[in-house]
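Step one of this worksheet: look at the structure below.
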Amino acid sequence: MLYELSAFESIFGPLRIFKYLTVRCGLAMAFAFILGVMIAPYIITRLKMLKFGQSFRTKEEVGKLAELHEGKKGTPTMGGIIIYLGVVVSVFLFAKPNVLVLASMFVYTLLTLLGFADDYLKVVKKNSKGVSGKTKLFVQTLAVTGVIVILYFSKYSFLLEELYVPFLKNPIFTSIPIFAMFVFVFFVIAGSSNAINLTDGVDGLAIGCTITVAITYAIFSYVAGDAITSQYLFIKQIPECGELTVICCALAGSAMAFLWYNCHPAEVFMGDTGSLALGGLIGTIAFLVQQPITLVIVGGIFVMEAGSVIIQVASFKATGKRVFLCTPIHHHFEYKNWKETKVVIRFWIMSLIFALAGLATLKLR
């Protein structure tokens, strides 16, 4: 919205700053952080009053984990609302609307509603299963369908035909059938959504790793949208892709505000309201900037978390034995008597390393 004010620079010169993407990105991050820090206490208080406290499984179900997390009982959940408001308001104010922004915010909003419904059923209705797996699958399919349709009838339809992989200058496929691309996009968005959901198990872990991924994709989207930089790095330029940088910066700022209250000991949890939606948003942006497979590197922590669950289930079904003491893998280290803060900080360090490795793919081609 504020971008439009630059049209009046002849009346008031300083309004020209809203033309510049870098300025709007910085303002989006700062505004999202400030807004998040300001509204969080009110939202947390309301969640406590409504008794929207996180429920935990019993000792019979999870053993030692129940003892380790005993003190977290009653901590309000659905804190993903804080992140969502920070992102949406900042994007509305500082992003220049286009098809890519619309597709991203469509997925983010739809999955936020799905996550909220899941949390509501678990916390308020005391339904431990929450939204059924079929319903989640349907909503995620609807989100992917929306992205495909939005792109198909726009100048960005070429995004549905090409697939790039890290370390290569040219796409490995250039004429992908629409159904095959639909399946691929579904796995990117749904996989990312579920992976962050699994990572959200200890104070500050998921949101801290989300910040590094958001900043990394802010760089990817800026490079892809800039004619000079994209040409220098042999990356295909995507018109107006730079506006996704505003979303990534708003996400990073809002996530930092949430971390302010989610760091140990957490005053609020994001719940599925946050984790499902954040994963979907990141997966969507990764696809839109033609870096979906690079997400496996950049989001290495999320891959580790999801991978540990897959390995554990497969091993137990095949041999009756477990590879890890508990999954997702951050719980494995808790079982090995690592302090929660040690687990989180070490995973943050690894997340930063993964992010730098992902950025290295821009040059190593």
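The table below lists the values:
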item	result
Some residue of the stretch 244-252 being under 19 Å from I345 (Cα atoms) and either under 15 Å from the mean Cα position of the chain (by Cα) or surrounded by 24 or more Cβ atoms within 10 Å (Cβ to Cβ) (or both)	yes
Identity of the residue in the stretch 293-352, surrounded by 17 or more Cβ atoms within 10 Å (Cβ to Cβ) and among the charged types (D, E, K, R), that ends up nearest to C209 (Cα to Cα)	E305
Residues satisfying the stated conditions in the stretch 114-164, i.e. open to solvent by 50 Å² or more (accessible area, probe 1.4 Å), part of a loop (DSSP other than H, G, I, E, B) and under 21 Å from V99 (Cβ atoms)	F153, K155, E161
Among the candidates I34, I43, residue that is under 21 Å from A252 (Cα atoms) and open to solvent by less than 40 Å² (accessible area, probe 1.4 Å)	I43
Elements of type helices (runs of 4 or more DSSP H) contained in the stretch 207-325, each with 2 or more residues being more than 20 Å from A360 (Cα to Cα)	243-262, 271-288, 300-319
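The values are calculated or read from the model by the stated rules, or taken from the named source; none is laboratory data. Keep in mind that what you see is a predicted model, and the values were worked out from it rather than measured. FYI the Cβ positions are ideal-geometry reconstructions off the backbone, even for glycines, and counts take in every protein chain you see. The accessibility values were calculated without ligands, DNA or RNA, using every heavy atom of the protein model including side chains. Shrake-Rupley method; radii C 1.70, N 1.55, O 1.52, S 1.80 Å.
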